[in-house]
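Structure first, commentary second.
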Amino acid sequence: MKTALVTGASIGIGAAFAQALAKRGHNLILVARSQDKLEQLAQQLQQDYQVETEVIPQDLTQSNAPQTLFDMVTAKGIQVDLLINNAGFGDYGAFAESSLSKQLEMIQLNISTLTALTYLFLNPMRDRAAGGIINIASIAGFQPLPYMSVYAATKAFVLSFTEALWAENKDSGVTITCVCPGPTETEFFKAANFPSSATESVSNSASPEAVVDMALKALEAKQANVVTGGLPNQLIVNLPRFFPRETLVSAVAKQFAPKNN
């Protein structure tokens, strides 16, 4: 029976991945900060699907967290066949008025932790000539996003990084796929402090289950990336092909700028 490790597994897309993979018969390693939520999810999945679950509470914004997590999994003698790098967060607001520590924490989690975990678990997969990695980016990774500048930049990194690794590992037996969701029915916007005036311009939210279904199908098809959410999101990610960059980023800035009451 294969084992999948899911970061950010306590809620949203991460929990949906855990549910879908347990249904497919995967044993699970569930990682997030909230031990209570993880244990509740683990118990439910064990009861519903008779799979084995390991709960590892871990704050992945800490620089030593990836190595600590890898060492814990190795010490338990668990072989990770599928890595889901889902943990991440965003923050709304003008960069100059934002908390620098929060922006650096975002870079640590969205980029550094994802990169380190990919490196650590990729090499054993390559040794076995088998395995899979799914990195969660965003449609925000296809263009600059004023008022979420650092978040969009981190997701641009994830997209570029993952597609490059897909090409490097095509003949290694390891499949690496980047998933780019659009607006999704999670707590993302609340956690990112999105004001209601900005969320009014966000529509066509997909369910976490729909995102996960497309992600797993893309991995099975050995795709470099997949944009979830249907035609509206396909149009959004292709806009940079048809408009000057300054024109596009100016339009996005007007759309997402804080509205005066």
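The values are calculated or read from the model by the stated rules, or taken from the named source; none is laboratory data. If you're wondering where the values come from, they're calculated on a predicted model, not measured in any experiment. Cβ sites come from the backbone with ideal geometry, for glycine too, and all protein chains shown count toward neighbours. These area figures cover heavy atoms from the full protein model, side chains too; ligands, DNA and RNA do not enter into them. Shrake-Rupley method; radii C 1.70, N 1.55, O 1.52, S 1.80 Å.
Some notes on this structure:
- Simple spin-label estimate for Asn123 and Asn193 gives 3.9 nm between the two label positions (7 Å along the Cα-to-Cβ direction from each Cα).
- At R0 = 51 Å, FRET efficiency that the Cβ-Cβ distance of Lys254 and Asp36 yields, to 0.05: 0.75
- Other residues lying with their Cβ under 15 Å from the Cβ of Tyr119 contribute a combined charge of -2, Lys and Arg counting +1, Asp and Glu -1.
- Accessible surface of the chain, 1.4 Å probe, proportion on carbon and sulfur as whole %: 52
- Helical mean residue ellipticity (222 nm; -39500 (n - 2.57) per DSSP H run of 4+; nearest 500) of the chain: -14000 deg cm²/dmol
- Gln79-Gln67 pseudo-label distance in nm [points 7 Å out on the Cα-to-Cβ vector]: 2.7
- Solvent-accessible area per residue for the range 7-93 (1.4 angstrom probe, square angstrom): 44
- Calculated FRET value between Phe242 and Ala167, using beta carbons and R₀ = 25 Å, to 0.05: 0.45
- Top positive-direction residue, dipole computed over the range 1-125 with Cβ charges, set Gln103, Leu38, Gly77: Gly77
- Measuring nothing but alpha carbons in the range 95-140 and taking Rh as the Kirkwood radius, the Rg to Rh ratio lands at 1.17.
- Shape call, the range 100-194: gyration tensor on alpha carbons, a/c limit 1.5: prolate
- Computed over the chain, the alpha-carbon pair-distance distribution with 10 angstrom bins reads 7, 31, 37, 19, 6, 0, each value a whole percent.
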